[in-house]
Amino acid sequence: MEKIRNPFFSIIVPVYNSEKYIRKCIISVIEQTFASWELILVDDGSTDSSGMICDSFNDDFRIKVLHQKNAGPMNSRINGIAISTGTYMLGLDSDDYLDIDCLDKLKRAIEISGSDLIFFGYRLSGKQRKSFKCSLTPGKIYSQRELMEEIIENTNHSLCNKAIKMDKVKQADYSGLNKRISINLDYAQIVPIICKINTGYVIDDVLYNYRIHGDSVSHSCSVQHIFDTDYVTEYIINKLKKEGLMDESMYNKIYLAYFKIIQYRLLRLFYIKEISKQDCRKIHRSKVYINSKRVETVENLGKDMYMILKMFRYKQYWALRLIMEYRKSCL
């Protein structure tokens, strides 16, 4: 195979203890019908055989393996971006994989639209095979404002269902951000990127396979996730203020997104009895939580969630615990 000096796509994969899945992830890139790509595997101090599996593929000149001390997935992705040479970036998690024609279809969409960002769909891998797509209408070009609203309002944060022009990605400024946060890392990373984007385009194709398993951080639950969501939300508000992109409507969308992200975890924490009164007090003192009251309405949240969040707002923790106990007894 002739060496490609300037690959069109750079595919960035943070890798940490993914020995069960990383081989399939890599092979899904190697088998792509579009050949102009580089794959950057960032081994984030794995303690299993993930790093060795990555190295076993480094005879392919298109694959770069970077080994580093454990620094978290956001740092891994940023370090991978720093050594990338592609025109567009695609995120890929080490336990997921691409459809064989993913890059081919993305390249065609880029040629048609000339846009900085392409949205595409993903499906859950396994028995469910449920697909998720961008809420924006396919086949249309969208402005930066429309893209930002989609990202925030629909919590469409993932870097794995978007192809993004690399020079825009490299312009993103993360100054002041704690890159070791436990959750919402994609949210913290995508918003500064969208601040640099001019236009986006949506395709209807489902091209990415997202694997759900018990080891996934996004499906675990701890009170730190609530605190980190608060931190990321405040970071995003400050970032959009700095970029001159904040107004009343955007504030409301951000606070509603905050509720969307925390509501399940808050209930889950009461359900598993892993939240203390001290934790609750800390949430109540949060600036984001205080300001989010403006969007805490039945119209925005629905009757059930509104009532539950109102119980929390007015510190009726005993009532929340009773509800969770009742739910347990119904199982």
Backbone HN-Hα couplings from phi across the range 235-241 [Karplus 6.51/-1.76/1.60, Hz, Gly and Pro as x]:
4, 5, 4, 5, 5, 5, 4
Per residue, the convex hull enclosing the alpha carbons of the range 158-271 has a volume in Å³ of 138
Among Val191, Gly45, Cys160, whose Cα sits farthest toward the positive end of the charge dipole of the chain (+1 at Cβ of Lys/Arg, -1 at Cβ of Asp/Glu, about the Cα centre)?
Val191
In units of 2.2 N^0.38 Å, what is the alpha-carbon radius of gyration of the range 112-185?
1.27
With label points built 7 Å along Cα→Cβ from the Cα atoms of Met52 and Lys328, find their separation and express it in nm.
4.3
Need one number: the % of Cα-Cα pairs in the range 266-326 sitting beyond the 19 Å mark.
30
Per residue, how much space in cubic angstrom lies within the convex hull of the C-alpha atoms of the chain?
145
Calculate, for the chain, the solvent-accessible area per residue in square angstrom, rolling a 1.4 angstrom probe over the heavy atoms of the protein chains.
46
Round to the nearest 10 and give me the degree value, 0 to 90, for the angle of helix 73-82's Cα axis relative to the longest principal axis of the chain.
30
Going by amide H atoms built from the backbone, whose H comes under 5 Å of the H on Met89, apart from near neighbours?
Ser10, Ile164, Lys165, Met166
Ignoring ligands, DNA and RNA, what percent of the 1.4 Å accessible area of the chain is carbon and sulfur?
50
Whole-Å semi-axes of the ellipsoid equivalent to the range 2-117 (Cα gyration tensor, √5λ, descending):
24, 15, 13
Assigning unit charges at the beta carbon (Lys, Arg +1; Asp, Glu -1) and nothing else, what dipole magnitude in debye, to the nearest 20, does the range 231-331 show about its Cα centre?
380
Estimated dipole of the chain in Debye, rounded to 20 [Cβ of Lys and Arg +1, of Asp and Glu -1, Cα centre]:
1360
What is the P(r) of the range 217-317, as percent of Cα-Cα pairs per 10 Å bin from 0?
14, 49, 31, 6, 0
Per residue of the chain, what 222 nm ellipticity follows from adding -39500 (n - 2.57) for every DSSP H run with n ≥ 4, rounded to the nearest 500?
-13500 deg cm²/dmol
Using +1 at the Cβ of each Lys and Arg and -1 at the Cβ of each Asp and Glu in the chain, identify which of Ser143, Gly80, Met246 lies farthest towards the dipole's positive end.
Met246
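The values are calculated or read from the model by the stated rules, or taken from the named source; none is laboratory data. It should be emphasised that the depicted structure is a prediction, and the values quoted were computed from it without experimental measurement. Cβ sites come from the backbone with ideal geometry, for glycine too, and all protein chains shown count toward neighbours. To get the accessible areas, we keep the full protein, side chains included, count just its heavy atoms, and leave off ligands, DNA and RNA. Shrake-Rupley method; radii C 1.70, N 1.55, O 1.52, S 1.80 Å.
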